[in-house]
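Below is one structure. I have some questions about it.
No value in this document is a laboratory result; all are computed from the given coordinates. Being a predicted model, the structure only gives us computed values, none of them experimental. Cβ placement follows ideal geometry from the backbone for every residue including glycine, while neighbour counts extend to all protein chains displayed.
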C-alpha cells in the first residue's frame, strides 16, 4: 500500500491510527470529516481508507455507498465505537473489508492491515 486515508472527526483517533502506521512505508492522508474525506478520495485515490462511521456533514455510511456506486475498488476498514451488529452487517454489505471497534486493539489492527496488504499484492495492485 502506498497511500492510506484516515477519515475520522476525532483528532485523537487520527493520531492513534497514524502512530500505529508509523512503521509502515506509506503516505498518510487525513480528513476530519466525511466531506473532506470524499474530496481526498476523489483527488488522491488512496490504496486504503480507515473510516469512522458517525461524523457530521457526511457520515461513513454515505462514503461506503458512494464508493460502491462509483466502483472505486478501494478497500475500506471501518474504525468505530458503534458495536451494533446491524451496523456491522450494513458495513459488510456495502463492501467494508474489516470492522475494528474502538478502542483499537493493536494486534487486531496489525492483522487487518496484513490481510489487506496480502489481498492487494495478490491482485497485483502494488
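Test of understanding: in a Gaussian network model of the chain with alpha carbons linked when under 10 Å, which of 32, 19, 96 would top the mean-square fluctuation ranking?
Top of the fluctuation ranking is 19.
Before rounding to the nearest 500, sum -39500 (n - 2.57) across all DSSP H runs of length at least 4 in the chain and divide by the residue total; then give [θ] at 222 nm in deg cm²/dmol.
-14500 deg cm²/dmol
Order these by the 10 Å Cβ neighbour count, fewest first: 76, 105.
Working: 76 27, 105 11.
So the ranking, lowest neighbour count to highest, is 105, 76.
Let me ask something else. Please give the length that would be gained between residue 42 and residue 72 if that part of the chain were fully extended, namely 0.36 nm times their separation in residues minus their C-alpha to C-alpha distance (nm, one decimal).
Numbers: separation 30, 0.36 × 30 = 10.80 nm, distance 0.91 nm.
That pair, residue 42 and residue 72, stretches by 9.9 nm at full extension.
Also: Going by a ≥ b ≥ c, the root eigenvalues of the Cα gyration tensor, does the chain fall in the rounded group (a/c under 1.5), the prolate group (a/b larger than b/c) or the oblate group?
Rounded is the answer for the chain, as its axis ratio a/c remains below 1.5.
Also, I was wondering about something else. What is the order of 44, 59, fewest Cβ neighbours within 10 Å to most?
44, 59
Let me ask something additional. Return the single residue from 82, 47, 39 with maximal mean-square fluctuation; model: Gaussian network over the chain, springs between Cα atoms under 10 Å.
Between 82, 47, 39, it is 39 that shows the largest mean-square fluctuation.
Sticking with this structure for a sec: If you build a Gaussian network model of the chain, linking Cα atoms that sit under 10 Å apart, which residue out of 115, 79, 35 swings the most?
Ranking 115, 79, 35 by mean-square fluctuation puts 115 first.
Kindly put 42, 77 in sequence by how many other C-beta atoms sit within 10 Å of each C-beta, fewest to most.
Listing 42, 77 from fewest to most nearby Cβ atoms yields 42, 77.
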